[in-house]
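Peer 1: Sharing a structure with you now.
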Amino acid sequence: MSRAQAVRAANALGERWVGQTDPGRGTVLMPAGVWPLLGLLAPAGSTTVQGELAQALGVPVAVAAERARALLGLLRDIPAVRSALGVWSDDRLRLSSEWLASVPADLVGRLTGDAGRDRALLYAWAAEQTDGQIEEMPVEPGPDNLLVLAAALTVRTDWIKPFRDYGAFGEDAADGWGRGVHYLTRATSLLDRAALLETSAGPLTELRVLGCGDISVHLLLGEPEAAPGDVLSAGIGVLSQRVRRTTADRLPVGVAGPGLTIEAVRRYEPEDRLFVSVPKFTVEAGHDLIAHRGLFGLETLASRSETEDRLPGLSDGEPPLFVNSARQKATASFSARGFRAASVTAMGMMGGSAGSTRKPPYLQRFVEVGFTRPFGFLAVHRLSGLVLAAGWVTEPDPGDDPWGAVPDESEEWEEWEESEED
């Protein structure tokens, strides 16, 4: 039960976060990498800090740490996910043994106060925990930093059925990208992978791409005027069944939704067909959580005080602490073979100063979905509904010469041993 409650709370934070997405550029964010850190800090906060964090977390402070540990436990149980938690403190800070015992850290280390040495230490940890996808710690160590708390999260899944990659496609006047884009295509008889969502942001087309290790990626296309935050929020709302979802096998013939058309065609095969075209993409982003301090419950926690300790339950004495830096770096990529995403979220604390002529016998549905303008995506754990990554694509991979050689997509997609196949 605690895991289910933690999932709902983390998704709710993610839904509010994506609502502040910048529509002018692509982005990726990973709320499941932020929520546990806030939950672990909440019990150590002052009365004011606890109240603000409880509102941001969506759970009472009394259970915040328990829910954070439950969410971290869930992440560690997902085959396609790797997660890690690290704590580094300066010798000048005596961490509370009670708080430290409540934190399921994979690493508890020491800061030296030497910015160069500490930077090398923290950067190496970030790169190791994300398989090199994130090579820097989001917070910058310095002589005044007494504590760094960081969470690394990596999602890697191969598609159960890969896309076809012809290399690239030239610019099409019907596209909204304004340039040649590298498209991936797939055909299937499973029409329910595509659906129309009826939302307050207008109709949205959703395409679900299933990967191994219990991961699915949901692609979301709205009308041209739909705000990215509204599109992504609606996509998360579907997971809690707050948004009506009608699958393509139940939609009427015609233009059924953004980028979604349905035809009745004569075919020689009895199966319906769903044909999709999706741009290959990679997006990267950095997020300053303190810039949205109200959203993350950091109003008081991120404000300096020489007299009031913002985290009295975290250390056994002086100096009074406050959060001076809270950031996330994230990246996500979508290719013919699968999906990858990674993030490192860190908080730094100082002391008070992601053709035959015969007529075809079968009249069948032909459903086509094309993502030909900016769209959103969610990486979701299928069994729990936890949103692992959310993002917006404005600049997909560029298209090459369609008459040139097909590129060799021999990316280093390490084979993860899967415990099950869908």
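Here, each number is a calculation from the coordinates, and none is a lab measurement. Just so it is clear, the structure is predicted and the values come from calculations on it, not from any experiment. Positions of Cβ are backbone-derived with ideal geometry, glycine not excepted, and every protein chain shown enters the neighbour counts.
Peer 1: Along region 76-81, what does the Karplus equation 6.51 cos²θ - 1.76 cosθ + 1.60 (θ = phi - 60°) give for ³J(HN,Hα), rounded to whole Hz, x for Gly and Pro?
Peer 2: 6, 8, 7, x, 8, 10
Peer 1: Charges on Cβ only, +1 for Lys and Arg, -1 for Asp and Glu, centred on the Cα centroid of the chain; of ALA62, ALA326, LEU107, which one is farthest towards the dipole's positive end?
Peer 2: Sorting the options by dipole projection puts first ALA62.
Peer 1: Would you mind putting 96-107, 49-60 in packing order, based on average other-beta-carbon counts within 10 Å, highest first? Before the final figure, lay out each step's value.
Peer 2: Values: 96-107: 14.4, 49-60: 20.7.
In descending order of packing, they fall as 49-60, 96-107.
Peer 1: Grab the Cα-Cα distance for THR188 and ARG76, subtract it from 0.36 nm times how many residues apart they are, and report the gain in nm with one decimal.
Peer 2: Values: separation 112, 0.36 × 112 = 40.32 nm, distance 3.21 nm.
Value of the extension gain: 37.1 nm.
Peer 1: Report, in debye and to the nearest 20, how large the dipole of region 8-126 comes out about its Cα centre when Lys and Arg carry +1 and Asp and Glu carry -1 on their Cβ.
Peer 2: Here the size comes out at about 160 debye.
Peer 1: What distance in nm separates the simple spin-label points at ARG92 and ARG304, each placed 7 Å from Cα in the Cβ direction?
Peer 2: The answer from the label model is 1.3 nm.
Peer 1: Let me spell out the model: positive unit charges on the Cβ of Lys and Arg, negative unit charges on the Cβ of Asp and Glu, origin at the Cα centre of the chain. What dipole size does that give, in debye rounded to 20? Could the numbers behind the result be given before it?
Peer 2: Values: 40 positive and 58 negative charges, 274 e Å.
The calculated dipole for the chain is roughly 1320 debye.
Peer 1: Taking the Cα centre of region 231-329 as the origin, how large is its charge dipole in debye, to the nearest 20, when only Lys and Arg (+1) and Asp and Glu (-1) carry charge on their Cβ atoms? Don't jump to the answer; show the numbers that get you there.
Peer 2: Working: 13 positive and 13 negative charges, 140 e Å.
Here the size comes out at about 680 debye.
Peer 1: Distance in nm between label sites at ASP114 and ARG3, each 7 Å beyond Cα in the beta-carbon direction?
Peer 2: 4.4 nm
Peer 1: Moving to a separate point now. Among 286-296, 69-79, how do they line up by average Cβ neighbours within 10 Å per residue, starting with the highest? Before the final figure, lay out each step's value.
Peer 2: On the way: 286-296: 16.9, 69-79: 19.4.
The peptides rank, most packed first, as 69-79, 286-296.
Peer 1: To continue, here is another question. So how do 335-341, 224-230 stack up, highest first, on mean other-Cβ count within 10 Å? Each step should come with its number before you reach the end.
Peer 2: On the way: 335-341: 23.0, 224-230: 16.7.
For the peptides 335-341, 224-230, the packing ranking is 335-341, 224-230.
Peer 1: For a quick check: sort MET30, MET347 by the number of other beta carbons within 10 angstrom, fewest at the front. Please report the intermediate quantities before stating the final value.
Peer 2: On the way: MET30 32, MET347 26.
Fewest to most other Cβ atoms nearby, the residues stand as MET347, MET30.
Peer 1: Points 7 angstrom from Cα along the Cβ direction at ALA124 and VAL253: gap in nanometres?
Peer 2: Label-label distance for ALA124 and VAL253, simple model: 6.6 nm.
Peer 1: Let me ask something additional. Neighbouring Cβ atoms within 10 Å as the yardstick, rank VAL108, VAL28, VAL63 fewest first. The partial results should precede the final answer.
Peer 2: Values: VAL108 13, VAL28 27, VAL63 18.
Ascending Cβ contact count within 10 Å gives the list VAL108, VAL63, VAL28.
Peer 1: For LYS280, LYS329, LYS161, what ranking results if the residue with the fewest other Cβ atoms within 10 Å of its Cβ goes first? The partial results should precede the final answer.
Peer 2: Details: LYS280 20, LYS329 26, LYS161 12.
Fewest to most other Cβ atoms nearby, the residues stand as LYS161, LYS280, LYS329.
Peer 1: While we're on this one: Round to a whole angstrom and tell me the spacing of the C-alpha centers of region 242-298 and region 15-66.
Peer 2: When both Cα centres are located, 27 Å separates them.
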